[in-house]
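Worksheet for the structure shown next.
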C-alpha cells in the first residue's frame, strides 16, 4: 500500500465522491455525488491547503483523508482541519485509516501549521491513540461531537 496525493490520481475521484456521499451525504441537504466530486477535485493540491491523500494498493483506492481550511460552519475561527477520513468497507481495521491520518498530520507539519483540528462523533479513542487531544465537546448538525487538536510543529522557544 502507498499513500499518495489525490492530485496524482484523478481517476479515483468518482469512487471517493460516491463513498463520501454515501457516508456523509445526509449531513449536507441538497448535496449530490457530482457536487462532492467537484469539491474533492478542488482538494487536488500537493503543497497547499486544501489537499487530499489517497491510500492505494496498485491502482485500487482503499481510502482517503483531507487537510482543509474549514470543516465546521459554526467554528470558522478554527483552521485548518483534518477531514474526510474514510476507508472502504473491505479495507477497514487494517491500519489504513491511521496511516492516512498520520500522513495528513505530516503534511500539516510540512506546511508549518501550528494547530490542526478535527471533529468526530465516535472515534475519539482512535484519534487520541494517534496523539490528538480533546479540545471540547459540542453539538454540530444535531449530533454530539468532540473537537480535537494536534500540534504538528514543535513550539519554538
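No lab work stands behind these numbers, since they all come straight from the coordinates. Everything quoted here is computed from the prediction, not taken from an experiment. Heads up, the Cβs are rebuilt from the backbone with ideal geometry, glycines too, and the neighbour counts pull from every protein chain shown.
Some values worked out for this structure:
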| read-out | value |
| --- | --- |
| Share, in percent, of DSSP beta bridges within the stretch 2-150 that are antiparallel, nearest 5 | 95 percent |
| Kirkwood Rh, angstrom, the chain [1 / mean 1/r, Cα pairs] | 15.9 Å |
| Point-to-point label distance, residue 73-residue 144, nm (Cα→Cβ direction, 7 Å offset) | 2.4 nm |
| Sites residue 14 and residue 94, calculated FRET efficiency, Cβ-Cβ separation with R0 30 Å, nearest 0.05 | 0.80 |
| Inter-label distance, nm, simple model (7 Å from Cα along the C-beta direction), residue 58/residue 129 | 3.0 nm |
| Calculated FRET value between residue 112 and residue 38, using beta carbons and R₀ = 22 Å, to 0.05 | 0.15 |
| P(r) histogram, all alpha-carbon pairs of the stretch 103-157 included - 10 Å bins from 0, percent | 25, 47, 24, 4, 0 |
| FRET efficiency, 1/(1 + (r/R0)^6) with R0 22 Å, evaluated for residue 121 and residue 22 via beta carbons | 0.85 |
| The chain: relative contact order as a whole-number percent, Cα under 8 Å and 6+ apart | 17 percent |
| Computed label-point distance, nm, for sites residue 46 and residue 4 using a 7 Å Cα→Cβ extension | 1.1 nm |
